[in-house]
Amino acid sequence: MRIEASAPDHGLPEVSEHGITRRLGGWALALFSTLALAFSTYQLVVAAFHPFSSLVTRALHVGFLLALTFLLYPSFKSGAKLTKLGAGDTALALGAFALSTYQWIFEGALVQRAGEPTVAPRWVVASVDVRAPRAGRRVRKPA
């Protein structure tokens, strides 16, 4: 006797709570998987050992999430190849993660001049403020 563990198909369309996702393969899948595993390892190390201050921990967390989002969700659903990474999306992912390391690299200087930002921190904040809502729009289900 054979038992099947699939849900019955009642002819209803598949419901997705998120936007259009890529179906990655090859090197793109390897890149995404490596980044996801690095993020998981980072979360475990931070939870167990607390190697960074909360400022750096949060910044790197957001950087990982933005990078994964830009790699998995394409910017446009029409005309986009859902099996490949676009150069723009890859650049956004790398840029988001690079911006998150700013807090780690310049943590001492940022703490010493708290409340008196120079030009560089303003550009970093402005860039992240533009990228975060953009990532959120990609994840949301299209209307």
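Laboratory data are not the source of any read-out in this text; all were calculated from the coordinates shown. Just so it is clear, the structure is predicted and the values come from calculations on it, not from any experiment.
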> If you look at just the Cα atoms of the range 26-137, how large are its Rg and its Dmax in Å?
Replying inline: 15.5, 49
>> Relative contact order for the range 41-136: what percent, with Cα pairs under 8 Å and sequence separation of 6 or more?
In response: 32 percent
>> If you wrap a convex hull around the alpha carbons of the range 58-123, what volume per residue comes out, as a whole number of Å³?
In response: 94 Å³
> How large are Rg and Dmax for the range 93-143 when only the alpha carbon atoms are used, in Å?
Replying inline: 13.7, 46
